[in-house]
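Take a look at the structure below.
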Amino acid sequence: MATLKFLSFLILQLFLIANNCEGVEVGFYKKTCPNVEAIVKETTKHYISIAPTLAAPLLRMHFHDCFVRGCDGSVLLNSTKGNKAEKDAIPNQSLRGFQVIDAAKSALEKECPGIVSCSDVLALAARDAVSLINGPTWSVPLGRRDGRVSILSEASKNLPTPFDNFTTLKTTFGALGLNVKDLVVLSGGHTIGMSHCFSFSSRLYNFTGKGDMDPNMDQNYINHLKIKCKPADVTTIVEMDPGSFKSFDTDYYTMVSKRRGLFASDAALLTDTQTKDYVLSQLNPHGSTFFKDFGESMVKMGQIGVLTGKAGEIRKHCAFKN
């Protein structure tokens, strides 16, 4: 049964990949809404200047959108009486920054009503959020349309988890057309943001179910984390990249190389030759290719399963279908 479910998932993803590029291009709105990028950037800048920690959840929101049904804005839809949406799935309950997307969309509706999709707004806001905290920038192909379907169970089933090993990660990313390099590069997004203790506490207290610690995590770091995270703690949050969690940089790879990656999925990068080599190659900030690579992988991820042409719709309000 599990194999059958995976094959169904794989077929769906291959279909999405096969239909993901038509009509998506840089400058898509140059005639219909020429100020789209300036409007989204100004809105994002306003919010990030007040709360820099919003950058990480905006990036994560785009990531979570693309990994479920493709980059169609389905993560933005609210649940209804008859349907629990992706937004309410456990991995998405800690997402923040929806107000940034709503504010940018509202400004765009005044400038060019009914033209720019919510999924494009999210793709632009994620890019701008990263660049505003000293990260790279990249050209975002636009022309996505918004999906009309959002199902909680699909988010729970299809999103990568912090507990995944390398084989699981490779399979999940590969099913969406992303390769091993994309996997290790996009993992670098963990250079910003916070995490709840429960996302990694098993590594501290009960790694194999015998009350043991994860031997793949630095012992001194485990002791440090135990001070902040007690067993069964479901409320405390910690920095994913200590001392640098508000700045987009290469420090994540330094932490991973020292066996101080927070998640099991971070530690998994050291269990494969290709990903380990990439981690080590980024340790010299002057020779790092991370910023360039990140932009390229974000463009690739941002084209997963996009709806174009007459598919989907252009939502008026991002949390509701028209």
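The values are calculated or read from the model by the stated rules, or taken from the named source; none is laboratory data. Since the structure is predicted, the reported quantities are computational estimates derived from the model, not experimental observations. Note that each Cβ is placed from the backbone with ideal geometry, even for glycine, and that neighbours are counted across all protein chains shown. These accessible areas exclude ligands, DNA and RNA; they are computed on the full protein's heavy atoms, side chains included. Shrake-Rupley method; radii C 1.70, N 1.55, O 1.52, S 1.80 Å.
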Note to self: Per residue of segment 173-185, what does 6.51 cos²θ - 1.76 cosθ + 1.60 with θ = phi - 60° give for ³J(HN,Hα)? Whole Hz please, x for Gly and Pro, Karplus curve as stated.
What the structure shows: 5, x, 5, 9, x, 9, 9, 5, 5, 4, 4, 6, 6
Note to self: For Lys258, Lys210, Lys81, Lys105, give me the order by solvent-accessible area with a 1.4 Å probe, most accessible first, ignoring ligands, DNA and RNA.
What the structure shows: Lys81, Lys210, Lys258, Lys105
Notebook entry, point to check: How many Å³ per residue does the convex hull of the Cα positions in the chain occupy?
Noted result: 141
Check: What FRET efficiency would be calculated for the residue pair Lys45, Thr167, taking the C-beta separation as r and a Förster radius of 35 Å, to the nearest 0.05?
Finding: 0.30
Margin query: Multiplying the sequence separation of Lys110 and Thr289 by 0.36 nm and subtracting their Cα-Cα distance, what value in nm do you get?
Written below: 60.5 nm
Next item on the list: Using amide H atoms built 1.01 Å from N in the peptide plane, name the residues 5+ places from Leu307, or on other chains, whose amide H lies under 5 Å from its own.
Entry: Arg145
Checklist line | Overall form of segment 182-244 per C-alpha gyration tensor (a/c, 1.5; a/b vs b/c) | finding: prolate
Note to self: Longer than 25 Å from Cα to Cα, which of Lys157/Lys321; Lys226/Lys258; Lys105/Lys181; Lys31/Lys310 are they? Say none if no pair is.
What the structure shows: Lys105/Lys181
Item checked: Pair-distance profile P(r), taking every C-alpha pair of segment 135-220, with 5 angstrom steps and integer % -> 3, 9, 14, 18, 21, 18, 9, 4, 4, 2, 0
Next item on the list: Within segment 217-322, list the GluC sites (Glu not before Pro) lying in a DSSP loop whose Cβ has at most 10 other Cβ atoms in a 10 Å radius.
Entry: none
Note to self: Please list 3J(HN,Hα) in residue order for segment 97-104, calculated via the Karplus relation 6.51 cos²θ - 1.76 cosθ + 1.60 where θ = phi - 60°; whole Hz, with x for glycine and proline.
What the structure shows: x, 4, 5, 5, 5, 5, 5, 5
Checklist line | the chain: relative contact order as a whole-number percent, Cα under 8 Å and 6+ apart | finding: 28
Check: What are the aspartates and glutamates whose alpha-carbon lies under 14 Å from the alpha-carbon of Lys110, with same-chain residues fewer than 8 places away excluded?
Finding: Asp102
Note to self: What distance in nm separates the two pseudo spin-label positions at Lys30 and Thr80, each 7 Å out from Cα along the beta-carbon direction?
What the structure shows: 3.8
Notebook entry, point to check: Per Stokes-Einstein, at 4 °C and 1.567 mPa s, what whole-number D in µm² s⁻¹ belongs to segment 34-81, with the Kirkwood radius over Cα pairs as the hydrodynamic radius?
Noted result: 105
Check: What's the angle, to the nearest 10 degrees (0 to 90), between helix 36-50's Cα axis and the longest principal axis of the chain?
Finding: 40
Next item on the list: Bin width 10 Å, alpha-carbon pairs only: give the P(r) of segment 160-209 as whole percents, running from 0 to the bin holding the largest distance.
Entry: 22, 45, 30, 3
